Amino acid sequence: MSLLSKSIISLAYRCALISTILAIGSGCQKQELKPRQPIAFSHKIHAGQYQMSCQYCHSGARRGKAAMIPSVQTCMGCHQLVAATKPEVQKIRAAWDQKKPIRWTKVNVVPDFVYFNHQPHIIKDIPCQKCHGEIQTMSEATPPFKLANMSYCVDCHRENKASIDCWTCHR
């Protein structure tokens, strides 16, 4: 193989390596903690200004594992009259009229190998803000932290004298 061929191959490998590093690096920089929602819902208005209980919209939290995203019917319970002419509320109205659910994007995501149940936390009167942050101040829901490891949860379980047995969260 000639010196020119070796130089071209070496240059190609370097370009491929640099391209790969740039692609991975730029992908990491573009990740957002908060997902884009189909409707600009403000927890700051609902839970903050109007002091609505989290469980009014997320009624599944007191009944079982998942807090649940509110149905269009729940939203329309108030918004048939309240702020009915606002553009974002009109999107809710359109979903209601078309009998289609709103495709909200999940904000708080735990890994598949983690079992989490809201109900025991609600029964113990642990405020939603303990895990979800000061949600009543957020225009857009944003996770307060990423669950990169389980230390946050284990520390909270210890503080509240809850089980730290592995089976509690890993079933």
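Summary of values
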| item | result |
| --- | --- |
| The stretch 155-171 - phi-based ³J(HN,Hα) in whole Hz, Karplus 6.51/-1.76/1.60, Gly and Pro as x | 4, 5, 4, 5, 4, 9, 6, 9, 4, 10, 4, 3, 5, 4, 10, 10, 10 |
| FRET efficiency, 1/(1 + (r/R0)^6) with R0 45 Å, evaluated for His157 and Arg36 via beta carbons | 0.85 |
| Stretchable slack from Trp104 to Asp165, in nm (0.36 nm times residue separation minus alpha-carbon distance) | 18.6 nm |
| Chain lengthening between Gln129 and Lys91 when straightened (0.36 nm per residue, less Cα-Cα) | 10.9 nm |
| Heavy-atom surface of the stretch 39-171, accessible at 1.4 Å and reported per residue (Å²) | 71 Å² |
| Probe 1.4 Å - accessible area at Tyr152, Å² to nearest ten | 80 Å² |
| Rounded percent of accessible protein surface that carbon and sulfur make up, the stretch 64-171, 1.4 Å probe | 59 percent |
| Inter-site label distance for Asp112 and Met68 at 7 Å from Cα along Cβ, in nm | 2.6 nm |
| Spatially proximal aspartates and glutamates relative to Lys91 (Cα-Cα < 12 Å; intrachain offsets below 8 disregarded) | none |
| Test item: Cα-centred dipole of the stretch 48-164, Lys/Arg +1 and Asp/Glu -1 on Cβ, debye | 340 debye |
| For Asp97, solvent-accessible area (1.4 Å; no DNA, RNA or ligand), Å² | 100 Å² |
| Distance between modelled label sites at Ser53 and Leu81, nm, 7 Å Cα→Cβ extension | 2.1 nm |
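The values are calculated or read from the model by the stated rules, or taken from the named source; none is laboratory data. Please read these numbers as outputs of a predicted model, since none were measured by experiment. Cβ atoms come from the backbone with ideal geometry, glycine included; neighbour counts cover every protein chain shown. Protein only, heavy atoms only, side chains kept; ligands, DNA and RNA dropped before computing areas. Shrake-Rupley method; radii C 1.70, N 1.55, O 1.52, S 1.80 Å.
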